[in-house]
Amino acid sequence: MVATIAQIHLHPSTKEKLCRILPPEANCHLAPIAAWADQIRNRYRGTAPMHYINGKGDHPQDHCEFGEHGWVNEDVNVVTAIQNFTRAITDGKGGRDVDIPLRFLVHFIGDAHQPLHLAGRLKGGNGAMFLFEGRHRNLHSVWDGGIITKNIRELSNYTSPLPSKQIESALPGAIFDPYIRWIVWEGIRQWWRDDLEEWLSCPSDGDPFPHSSQAAVPPSASTFLKDNFRSVSSLALSLIPGRLAALADLYYGLPLKETEGFEDQALALTPKVLKAKGVNMSFPACPFHWTSGIHQLNCDIVWPAAFTDEPGQALIELDTDEYLGEIGRQKIVERLLAMAGLRLAKVLNEALAEEGSGVGGVYFGYK
């Protein structure tokens, strides 16, 4: 859904470039590639740390630590991945070699806006068991898909097309179309209108990711994909995906084609920009700035205060007014989806813009 919200807000010239970058089966749309990074994750385990970042000592709700004491996965994480793949796309300027960096970037910007991808406690909530709608679910899966699926099921309006070709042409005809309409039409246009400038701004003095390691990532990691990436279409035939996101089956399938001629920079895992104590970033992504605010949600609301990690603790039901009701009243999930989609659109509009074109920011108007 992040990809679809982004698609709505792409500049027409950016959409034209997607047609040249993506395989024909994608129909110039970001949604079919959004789950690709998850599909290859088990096969190419060197990419796994790119989906998350864990601060040392982080243990929400007791205390939230986001880099103050360093990082568990300091060199390869969702922050450095967004940085590196944004750079690869910016340098590529729309050629076919941008395909794979684009697939990664679309997915990782979504991951960066799911709070549990930023918390290390019990593997980002994968090891924290609860009840949700009376069923056993881990906390991560509730936030990855459970809440969204419930919201889609219970939304009774926005089933008819909106008076906006810009919005309607980007919807894939899926069960979540009404949910996207609601988020865009009421959320982005009304509820959060005054917040958009802040969402889309990066710090004027750069995005100082507190990266302290001076050591290079081991060669086995930095050359992992380059040395082992086989035919992606063959991979698709042999791949038996692990646990998929709850809504993954709603996206129409995308045959994964042969991958040839990738530049080393597109597949390298070694951070090339984020080094030492910080960096001035002169391009549109500022992932540390984004994730710093989102991580705080782990202490504010994501982790129930009554959860203790103690063996034998009775499972806590999350489908309550105190927990899920408050998340709904604050529209936290919808807000995160909107933020992620708009930020992805901004990054792509600016990264793929021709020099001097004046294209930038997010394409609003909804005509």
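The values are calculated or read from the model by the stated rules, or taken from the named source; none is laboratory data. As the structure is a prediction and not an experimental result, all values here were calculated from the model. With ideal geometry, Cβ positions are generated from the backbone for all residues, glycine too; neighbour counts draw on all protein chains shown.
Quick notes on this one:
- All positions within region 316-358 that are in contact with a strand residue (DSSP E or B) (Cβ under 9 Å, 6 or more places away or on another chain) and without any contact (Cβ under 8 Å) to a residue 60 or more places away in the chain: Tyr323
- Among the helices (runs of 4 or more DSSP H) confined to region 1-102, the ones with at least 2 residues that are at pLDDT below 90 and over 20 Å from Met339 (Cβ atoms) are located at 78-92.
- Any hit, region 180-192, residues being touching a helix residue (DSSP H, G or I) at 6+ places or on another chain (Cβ under 6 Å), outside any helix (DSSP H, G or I) and under 22 Å from Leu344 (Cβ atoms): no
- Long-range neighbours under 8 Å by Cβ, at least six apart or interchain, first residue at negative phi within region 66-93, second polar (S, T, N, Q) and buried (at least 20 other Cβ atoms within 10 Å of the Cβ): Phe66/Thr291; Trp71/Asn54; Trp71/Asn77; Val72/Asn54; Asn73/Asn54; Asn77/Asn54; Val78/Thr291; Val79/Thr291
- Within region 45-75, considering residues that are within 17 Å of Asp207 (Cα to Cα) and among the hydrophobic types (A, V, I, L, M, F, W, C), the one surrounded by the most Cβ atoms within 10 Å (Cβ to Cβ): Ile53
- Condition broken by Phe108, with the remaining ones in (1) part of a loop (DSSP other than H, G, I, E, B); (2) surrounded by 21 or more Cβ atoms within 10 Å (Cβ to Cβ) satisfied: (1)
- Any hit, region 111-131, residues being out of contact with any His (no Cβ under 8 Å at 6 or more places or on another chain), under 24 Å from Phe66 (Cα atoms), not basic (Lys, Arg) and not in a loop (DSSP other than H, G, I, E, B): yes
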